[in-house]
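None of the figures in this text is laboratory data; all of them are computed from the coordinates on show. Just so it is clear, the structure is predicted and the values come from calculations on it, not from any experiment. Here Cβ is always computed from backbone atoms with ideal geometry, including for glycine, and neighbour counts include all displayed protein chains.
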Amino acid sequence: MRDIRKFSGRGKNQTLTEFINDRILKELAIEPGDRLVDIGCGDGTLLRLAMLRGVSNVVGLSGSEEEAASLRTLGLRVSQAYTHSLPLPNNCASMVVCNGVLHIVSPDKVPASLREIARISEKGARIWIGELPRFREPTSVREFASYSAMLWWLLRNRGVRTFLGMCRRILSGKQQAPTLRTAQSFWSAPESFVTMASEAGLTVERHFPHQTLDGGHQPSLSSTRHDYVLRARTT
């Protein structure tokens, strides 16, 4: 089985992963009676931290069935899903987290994704949407363990055309390693995102620069990313 720490999107930096997820739970003031949904649950750290705080109703959603299956073997309740089509009933969550996810969602699917978050949230539910770039960031590099892993990811996430194009690059020798340069898909200035969230039925209570850890494991503010604390509307 793959090292699940890679699912976090932060490599094996578990200290950073726990720092960010612990901060989310503190900001949302999680309580044992909460019903938590973590959209894009990564390596399951947020789910486990919530359970350690006495929360028994925790659900994780992952864009990859491979990752979801790996987390289920650890006893976590995780399903495969995309942000714009969540396989959950209306008003099922008192707390929803979607951290470090929307920036890789196609811009045309972001409004639907926000409406889905509003749909599954009960009235007054606390919601966290985090690590959303305020402007376009430089491209990044995504590394895979093998060519087959990269091709499978492309087929699931980018479609048949991109998959076949990469097959041709590999066969021609143009693709020298199982890596991809992945441009972010979505970013938004805070004032624009506040409006977008409102149109989806959500109210932004506060927002602030994303807090991360520097090289010395000291808290520092991101120069590009923003976090949002929201509520599902009560009327």
Q.
Among A145, Q175, V160, which residue has its Cα furthest toward the positive end of the charge dipole of segment 140-181, with +1 on Lys/Arg Cβ and -1 on Asp/Glu Cβ?
A. V160
Q. What is the Cα centroid distance between segment 48-119 and segment 139-189, reported in whole angstrom?
A. 24
Q) Tell me, what is the percent relative contact order of the chain, built from C-alpha pairs under 8 Å that lie six or more residues apart? A) 19
Q: With viscosity set to 1.567 mPa s and temperature to 4 °C, compute the Stokes-Einstein D of segment 135-235, Rh being the Kirkwood radius across alpha carbon pairs; µm²/s, no decimals.
A: 76
(Q) Taking R0 as 41 Å, what FRET efficiency do you get between S220 and S85 from their Cβ-Cβ distance, rounded to the nearest 0.05? (A) 0.70
Q. Just how large is the dipole of segment 140-181 about the Cα centre, in debye to the nearest 20, putting +1 at every Lys and Arg Cβ and -1 at every Asp and Glu Cβ?
A. 180
(Q) Defining a contact as two alpha carbons under 8 Å apart and six or more residues distant in sequence, what relative contact order in percent does segment 106-187 show? (A) 44
Q | Most to least packed among 208-215, 224-231 [average Cβ atoms within 10 Å] | A | 224-231, 208-215
Q. Under the classification rounded if a/c is under 1.5, otherwise prolate if a/b is larger than b/c and oblate if not, where does segment 140-181 fall, given a ≥ b ≥ c as square roots of the Cα gyration tensor eigenvalues?
A. oblate
Q) Given the chain, what count of lysine pairs have C-alpha atoms under 27 Å apart, with each pair 8 or more places apart or on different chains? A) 6
